[in-house]
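One structure is given here, and the rest of the page talks about it.
The values are calculated or read from the model by the stated rules, or taken from the named source; none is laboratory data. Note that this is a predicted model, so its numbers are computed, not measured. Cβ atoms come from the backbone with ideal geometry, glycine included; neighbour counts cover every protein chain shown.
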Amino acid sequence: MKKIILFLFLSIFVFSACTTSHKEEEKDKEAKSIGNDFAFDFFHEMLDEEENVFVSPYSLETALTMAYIGADSETKEEMARALQLKGIDIEEVKENSLNLKKQLEESEDIELSVANALYLKENFPFLDSYINDGENYFQAEVNHLPENGSVINDWAAENTNNKISEIIDPGPIDQSVIAYLLNAIYFNANWQNQFNQDKTSQRTFYGASEELETDMMNQKSNYYHLNKEDIKAVKLDYQNDNYSFYAFMPDDLSQFHQDFNRDYFNDLKDQMENNEIILYLPKFILEKDMGLNQALKNLGIKQAFNESLADFSNMVDLDSIGENVFISSVFQSTFIEVEEQGTEAAAVTGIEMQVTSAPIHSPEIIEFNHPFIFLIEEKESNTILFMGQLANPNKKNKD
């Protein structure tokens, strides 16, 4: 059973050069932010007030971009709109994907790896240009499509430190499947200020549907935070200062869902102040297996899933087969564990393609004991690696 399992000279000459430099900086900034609006759009599609949610927008964006560079006509247009790539040259998209992957993997003091793979049906007319782009811009492994799904599951496990070990049925792969486009991301980082395990205790978490006792870490330290009547928020830095964990606990979760986008996120960050607080944060583990077809259709990617209308002529020589190629399934599996030392998180996204036949005062107390939203962001590129909602810290929500 198949598990429904995001990147910087005298007079007129000097003026001209400075203007050009400014434009290049703006272009760099735009390129780095590619996918971040998509991240919030995708997250909104997956939200459910009463359920735990954990997704990797970066992983999904990367896998979809590998498909996007093989698309053409209206299929390409729809994907560009959904991925917020409209008007951006395809070569820039590819270069940005490569540069962002390299930037993320050069991070120090944390474990972060990104892997891409193309499993392609042997003797099927994939264009050399597409395969070369996969290898050059996504650093993708290019392999023959195996007979059984266990080979692909082994790849997922190998690239997520065994946190995600099964993404498709391990049995025989259907003859109509011609490709799997895969992305895996693994993240493991310690907090700058680690929690003392001896201070972790059972406290009440007021969940979406019930009150429950859960392991709650606590720490008295300086954190950037908000402690308003309508929202509590905190930022926890990892040992690599470019990566941060944010948590937002609004009084009105429904309204927050509606308002939460990139601009609001940035606004909340700007409002945070660095003071000593007593922080309570639940330990938790979440595992999710998700089918994403409907969510992507809701975001406007429709033709890519249509057997007759999909156009992946920049991926496959369609004329030579007399049939069409389309996306049959997009799926993602995720894992996160938040505990006293830090955070371990992983995600694998797969695309299956088929052919048709402040002042001095006593420390404030912020206790995250109601459902809250969280995310992990790389600061330099503003890439959101992971996003989630904790509604019930005792429920892993596997499946």
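At-a-glance table
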quantity: Number of the condition not met by residue 319 [criteria: (1) within 30 Å of residue 282 (Cα to Cα); (2) at pLDDT 90 or above]; calculated: (1)
quantity: Residue match in segment 306-328 (condition: within 30 Å of residue 366 (Cβ to Cβ) and either part of a helix (DSSP H, G or I) or in contact with a strand residue (DSSP E or B) (Cβ under 8 Å, 6 or more places away or on another chain) (or both)); calculated: no
quantity: Number of positions in segment 313-336 that are within 17 Å of residue 238 (Cβ to Cβ) and surrounded by fewer than 18 Cβ atoms within 10 Å (Cβ to Cβ); calculated: 0
quantity: Residue check for residue 104: surrounded by 14 or more Cβ atoms within 10 Å (Cβ to Cβ), modelled with pLDDT under 95, in the same structural domain as residue 321 (by TED's automatic domain parsing) and not hydroxyl-bearing (Ser, Thr, Tyr); calculated: yes
quantity: Verdict on residue 269 being touching a strand residue (DSSP E or B) at 6+ places or on another chain (Cβ under 7 Å) and charged (D, E, K, R); calculated: no
quantity: Residue pairs meeting the criteria (Cβ under 7 Å; at least 6 apart or on separate chains; first assigned by TED's automatic domain parsing to the domain that holds residue 111 and more than 17 Å from residue 328 (Cα to Cα), in segment 155-178; second at pLDDT below 95 and surrounded by 15 or more Cβ atoms within 10 Å (Cβ to Cβ)); calculated: 166/3
quantity: Segment 249-276 residues that are closer than 14 Å to residue 230 by Cα, paired with ones that are part of a helix (DSSP H, G or I) (beta carbon under 6 Å, 6 or more apart); calculated: 250/256
quantity: Entirely in segment 134-228, the strands (runs of 3 or more DSSP E) that have 3 or more residues that are within 30 Å of residue 253 (Cα to Cα); calculated: 177-190, 201-206, 211-227
quantity: Any hit, segment 349-369, residues being of a type in the set (A, V, I, L, M), under 19 Å from the mean Cα position of the chain (by Cα) and assigned by TED's automatic domain parsing to the domain that holds residue 311; calculated: yes
quantity: Test: residue 282 is in contact with a Ser or Thr (Cβ under 6 Å, 6 or more places away or on another chain) and surrounded by 17 or more Cβ atoms within 10 Å (Cβ to Cβ); calculated: yes
quantity: Members of segment 117-133 found to be over 16 Å from residue 351 (Cα atoms) and assigned to a loop (DSSP other than H, G, I, E, B), listed by number; calculated: 122, 123, 124, 125, 127
quantity: Residues of segment 60-99 satisfying the condition of being of a type in the set (Ser, Thr, Tyr) and surrounded by fewer than 22 Cβ atoms within 10 Å (Cβ to Cβ); calculated: 73
quantity: Verdict on residue 383 being in contact with a Ser or Thr (Cβ under 8 Å, 6 or more places away or on another chain), under 24 Å from residue 66 (Cα atoms) and of a type in the set (Ser, Thr, Tyr); calculated: no
quantity: Residues within segment 286-312 that are buried (at least 17 other Cβ atoms within 10 Å of the Cβ) and farther than 28 Å from residue 127 by Cβ, tallied; calculated: 6
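Residue-wise test of (1) over 13 Å from the mean Cα position of the chain (by Cα); (2) within 23 Å of residue 164 (Cβ to Cβ); (3) modelled with pLDDT under 85; (4) assigned to a loop (DSSP other than H, G, I, E, B).
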| site | (1), (2), (3), (4) |
| --- | --- |
| 8 | yes, no, yes, yes |
| 24 | yes, no, yes, no |
| 64 | no, yes, no, no |
| 79 | yes, no, no, no |
| 95 | yes, no, no, no |
